Every structure is written in C-alpha cells, then in structure tokens.
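S.K.: The structure follows.
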Amino acid sequence: MKTMIYVAFSAGAMLAVLSAAGTAAAAAIDANALKGEAVSVVKAFGGPLKKALVGGMKNGGPINAIAICNEKAPAIAAAAAASTGWDVGRTSLKLRNPNNEPDAWELNVLKSFESRKAAGEKPDTIAFGEVVESNGKKQYRFMKAIGTAPVCLNCHGAELKPAVAAKLDGLYPDDKARGYAKGDIRGAFTLKKNL
C-alpha cells in the first residue's frame, strides 16, 4: 500500500520559491552579459594597444615599440577604463613592470591558463570570468590570455638584440618577461567591475 504525502504551499511561499529561481536565472544571465561586456573592454584596450605597438615597430623597430609600451600603454588602459567603467590592466607570471603584479585571484587564473594551454587550448581562446566578493562587495572579474606572436619575440624572446636588451634593462631593471617562445602565454588582460 502506497502512502501519498501532499505538501501545501501558501501563495506567498510559492512566490518566494519562484522569485529565488528567477533571481538565480537572472544572475546567470547577468554573468553572461558581464562576460560579453568584458570581452568588449578587452578589445577597447587591446585593439588600440596593438595598433600603437605595430605602428611603433614600423616607425622605429623594437626600441620604439618598447617606448610605446612603457609610455602609452598605461594611458590606453586609463582611457579604456574611463570610457567603460571597468578597471583595466595587464599582468603576467613573468613581470616586466612590477606595477602589474598579479593579486591572489589573478595568480590562480594565470596558473589555470597555463594548465589549459598544456591540455591543448590555444592561448588566444583562453579566458575566464566570475563574480567574486572583495571587501564585502561583489565584483565581476575577467581575464583573457595574451599569446606570444612572432613579433613579440623582438622584446620578449630568449635572444634579444643588444640594443633592445639595454633599453629594457634601463626601463625595467628587474625584467622577467623574457625567454618566451611563439605560442606561449605571455600574460593576460585583467578586468574588474564592481557590481
């Protein structure tokens, strides 16, 4: 003999359950929207930065590109941040600029990027974003890997021209962003936005 148990929900309880389910669904939609927005911000920063570096290479070679990266990259990041409302930057496991040191969250993501690359993912497709809590406030954080293209090896490769090495040594005495090969993950764009 089967015993049937019926549970009665009040209208208020049912609305609370439906509201909670709707809130969870909305959070998932918001995370997807935030990821799409973050990808756009990476383009707003990475596109002008790449254009400036390519222009620098054409108009003076690696020495000129180093100056652009040193002087213009922070301004390009600041402009992207001002126009989008996101904090925008770059970081790496092998720093050139000590001001770009990864925090604990970024460090974990960078290490996961290396694992994903080792498992066969291409650096240009590797990204990660999530909602985190920081100082009691929710933030959306996002990182997109930066792959090493052949042109990058002029300033980040294992064998640098003496003039390039001297310029880097002058600007970045503790430079560790050398020794890369084509296809390596050189670092990542890193973004965050308070929610």
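The values are calculated or read from the model by the stated rules, or taken from the named source; none is laboratory data. As the structure is a prediction and not an experimental result, all values here were calculated from the model. Virtual Cβ from ideal backbone geometry, glycine too; neighbours counted across all protein chains shown.
Matching residues to (1) over 26 Å from Q139 (Cα atoms); (2) modelled with pLDDT under 95; (3) part of a helix (DSSP H, G or I):
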residue: G55; (1), (2), (3): yes, yes, yes
residue: A67; (1), (2), (3): yes, yes, yes
residue: N70; (1), (2), (3): yes, yes, yes
residue: P74; (1), (2), (3): no, yes, yes
residue: A79; (1), (2), (3): no, yes, yes
residue: A82; (1), (2), (3): no, yes, yes
residue: V88; (1), (2), (3): no, no, no
residue: N99; (1), (2), (3): no, yes, yes
residue: E106; (1), (2), (3): no, no, yes
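S.K.: Also, I was wondering about something else. Among the residues of region 162-195, write down those that are in a helix (DSSP H, G or I), free of Cβ contacts under 8 Å to residues at least 60 places away in the same chain and either exposed (fewer than 13 other Cβ atoms within 10 Å of the Cβ) or within 19 Å of the chain's Cα centre (by Cα) (or both).
M.R.: Across region 162-195, the qualifying residues are P162, A166, D169, G170.
S.K.: Looking only at region 126-145, decide whether some residue is under 20 Å from K50 (Cβ atoms), at pLDDT 95 or above, assigned to a loop (DSSP other than H, G, I, E, B) and of a type outside the set (G, A, S).
M.R.: Yes, some residue in region 126-145 is under 20 Å from K50 (Cβ atoms), at pLDDT 95 or above, assigned to a loop (DSSP other than H, G, I, E, B) and of a type outside the set (G, A, S).
S.K.: Can you tell me which residue is nearest to A67 (Cα to Cα) among those in region 133-161 that are over 14 Å from the mean Cα position of the chain (by Cα), hydrophobic (A, V, I, L, M, F, W, C) and surrounded by 14 or more Cβ atoms within 10 Å (Cβ to Cβ)?
M.R.: C155
S.K.: If I filter region 116-125 down to residues being closer than 14 Å to D184 by Cβ and not aliphatic (A, V, I, L, M), which single residue comes out as modelled with the lowest pLDDT?
M.R.: Within region 116-125, the match that is modelled with the lowest pLDDT is D124.
S.K.: For region 80-95, indicate whether the set of residues that are more than 18 Å from V39 (Cβ to Cβ), surrounded by fewer than 19 Cβ atoms within 10 Å (Cβ to Cβ) and in contact with a Gly (Cβ under 6 Å, 6 or more places away or on another chain) is non-empty. Lay out the reasoning, then the answer.
M.R.: Initial filter on region 80-95 (more than 18 Å from V39 (Cβ to Cβ)): 82, 92-95.
Subset that is surrounded by fewer than 19 Cβ atoms within 10 Å (Cβ to Cβ): 82, 93-95.
The next check asks that each one be in contact with a Gly (Cβ under 6 Å, 6 or more places away or on another chain); those that pass are none.
Looking for residues that are more than 18 Å from V39 (Cβ to Cβ), surrounded by fewer than 19 Cβ atoms within 10 Å (Cβ to Cβ) and in contact with a Gly (Cβ under 6 Å, 6 or more places away or on another chain), one finds none in region 80-95, hence no.
S.K.: With respect to the numbered conditions (1) under 22 Å from P150 (Cα atoms); (2) in contact with a strand residue (DSSP E or B) (Cβ under 9 Å, 6 or more places away or on another chain); (3) touching a residue at least 40 places away in the same chain (Cβ under 8 Å), which one is the sole condition not fulfilled by I63?
M.R.: For I63, the exception is condition (2).
S.K.: Among the numbered conditions (1) touching a helix residue (DSSP H, G or I) at 6+ places or on another chain (Cβ under 6 Å); (2) touching a residue at least 12 places away in the same chain (Cβ under 8 Å), tell me where G85 comes up short.
M.R.: Result: G85 fails condition (1) only.
S.K.: Only one residue in G36, G22 is at pLDDT 90 or above and either small (G, A, S) or assigned to a helix (DSSP H, G or I) (or both). Which one?
M.R.: G36
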